[in-house]
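Q: My structure is below; once you've seen it, I'll send some questions.
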Amino acid sequence: MRVFACSLILLAFECTRTTQSYPDDAPSSTCDSMMPSNGANSIPCQSNYVIEANKYQYSSNDNIQITVRGETSFNRFKSVLLVAKDSSDTNILGHWSSTDTSVSIVSCNDTLSNGITLTSSDYKSQIQATWHSPSTAAQGNIVIKATIVQSYGTFYVNCFNITLTPQNNPGPMDSLTNPLDRLVRDVAATSKVANTSVPSMNTTSSALTLNWAYANGTTTVAILTNNLLRSQWVAIGLSLDNRMGNDHVFVCQRLSDDTILLQRFINPDGHATTTIVTAGSNLGGIFQVNSVSFNNGIIYCEFSLSNFTATTSRRRKRSVTLLSQSTQYQIIVAIGPLAGPNSLVQHSWTTVLSQTMQLDQSGTISLATIGGSANLLRAHGIIMLFTWMLLVSTGIIIARYFKQSWPTHKLCGKAIWFAIHRFVMICSALMTAMGFLLILIYKNGEWTSRSLSHEFAHSIIGIIVCIAAAIQPAMALFRCESDDRHRFIFNYAHALLGTIALILATTAIMLSTFFISFNSVLNNYYGVVVAWLLSVFFIVITFECIELFSRKNWPPFKANNQTVSVQMGVINDSNEALPIDEQSPGTNILKERLKYILLALHILIAFGLSIALAAGIGEVA
């Protein structure tokens, strides 16, 4: 099927061929599995791409615009394959059209126009196509499945799928204002036991409430939260232990357009990508979405689990243990971002509850807070910004260019430049430690996943910076005297480590502007970091030019423009006047004034740009 079929089949060989191998249709095996027919394996999912729709609910004969794009302008792709499948992953539904010249409509399984790929192998940053839903009545959830070829040998399968839900017209019984009333009504109507009614949920004092009720073989579960942001998900995992892996997961998503989506997954291998549970899966109980809503900031997801049947077959190896109503489960609550609509990114916060859950009983669990405090994240970012963009850079400039300034004055018995440098750098080390402690608390001591490339790189670089910030004052504390013949070792090591730490800190700040969990809020702020880098470069170059011109006795810096301060006194020794202090080094008025101006300019620019970035962090959810 044009480029995509060729790309998939020949990825393992990393070679190119004509794009006419499948001029009009695609192999059924490729459309069914979304995998290349040569057995090559896709790489683990990353957050490099986004698939989004102009709406996430469909009706018969509906037209939905689908966009495939890179997460950033640097994330380009060579080819894609998009098809729409039902929730059982067996039938390809609807057909496609596009006015995008780079998009080619293909035919899968002898059905016309039910898939799209690209017309050329040139790198692209974005494509658009329109999916037309079937003319028959809504057929349940429909998944827009995608395979994205980043380059030859690098492709992603089922990493960026999105789910479209049927647009239902609520009946009279579904028009209740409070979704909880509906849950209580349903349980009361089917229950013959008084204590199976669902206890009340307090939505004002709890960030998340989990409620479940059992009646006539059916367990009804409701998740209520007022702390879920756009492009974010909250999940309830039922685990046999307190660790991720071999779990049944129920995920409530708030999409970017405030649509609520509720799905069931399994998590067989810990932090590995979760797998959606389809209608035909026999993993214990039939999952049915009862109700989802978003009203006045409160998100409500309700589902039922029924028809739990014991299996006698033990030959088939299952990825997870069957879900059972008679088993006590540990409850794992997790929150994470969406890399795109319905594309889950690994959680940014998780906790294991002390209470357990058994599906043939009823109960309620409320959490006062979830997701950690966003204020901790904001405080970490703001502290690190001001520490490294303002304080550290200023301390380095003073140590580098102001050693000859203020020669006749001292502060606390020390040279003024040294006293300022020491104070600024001690404050920087303490603030770095504080910033590290804040993010440690926010993350509950959990390291960032490697699947989040920018976040993981930021964490590695950040820990190196924190170590350097701790070494610097310790190194200064144990330095040898200034007249020691080995003092130069400290001087060079101290300067080199400080400069490297500043470069790494700047890199970490730049990476943070591309965090997925920031929902692209800071993506537009990377230019602020670039502006700060350019300003530092300009100011340092200007300082170096001033020092060079001074050493070369450039006319404005000649000796006749210098002022020399000499303090004399008289000691009664043969009536001979002797100098009390030696002549202090001369200073050049023009040179010093230029240095003061540059220092003030640097502080103003660094402070202003730090404020701008801090404002961006304030917008972060």
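Q: Looking at ILE397, is it within 27 Å of the chain's Cα centre (by Cα), at pLDDT 85 or above and in a helix (DSSP H, G or I)?
A: no
Q: Please go through the stretch 359-394 and give me each residue that is more than 30 Å from GLU547 (Cβ to Cβ), in contact with a Phe, Trp or Tyr (Cβ under 8 Å, 6 or more places away or on another chain) and modelled with pLDDT of 90 or more, ordered by number.
A: Passing the criteria: LEU359, HIS380.
Q: Restricted to the stretch 432-452, and to residues that are of a type outside the set (A, V, I, L, M, F, W, C) and buried (at least 16 other Cβ atoms within 10 Å of the Cβ), which residue is modelled with the lowest pLDDT? Talk me through it step by step, then tell me what you get.
A: Restricting attention to the stretch 432-452, the residues satisfying the condition of being of a type outside the set (A, V, I, L, M, F, W, C) are 432, 435, 442-446, 448-451.
Imposing the further condition that a residue be buried (at least 16 other Cβ atoms within 10 Å of the Cβ) reduces the set to 432, 435, 442-443, 448-449, 451.
Numbers: THR432: 96, GLY435: 94, TYR442: 80, LYS443: 77, THR448: 75, SER449: 68, SER451: 61.
Restricting to residues being of a type outside the set (A, V, I, L, M, F, W, C) and buried (at least 16 other Cβ atoms within 10 Å of the Cβ), the top hit is SER451.
Q: Among the residues of the stretch 438-473, which ones are without any contact (Cβ under 8 Å) to a residue 40 or more places away in the chain and closer than 27 Å to ALA419 by Cα?
A: Result: CYS466, ILE467, ALA468, ILE471.
The values are calculated or read from the model by the stated rules, or taken from the named source; none is laboratory data. Just so you know, these numbers come straight off a predicted model, no measurement behind them. Cβ atoms come from the backbone with ideal geometry, glycine included; neighbour counts cover every protein chain shown.
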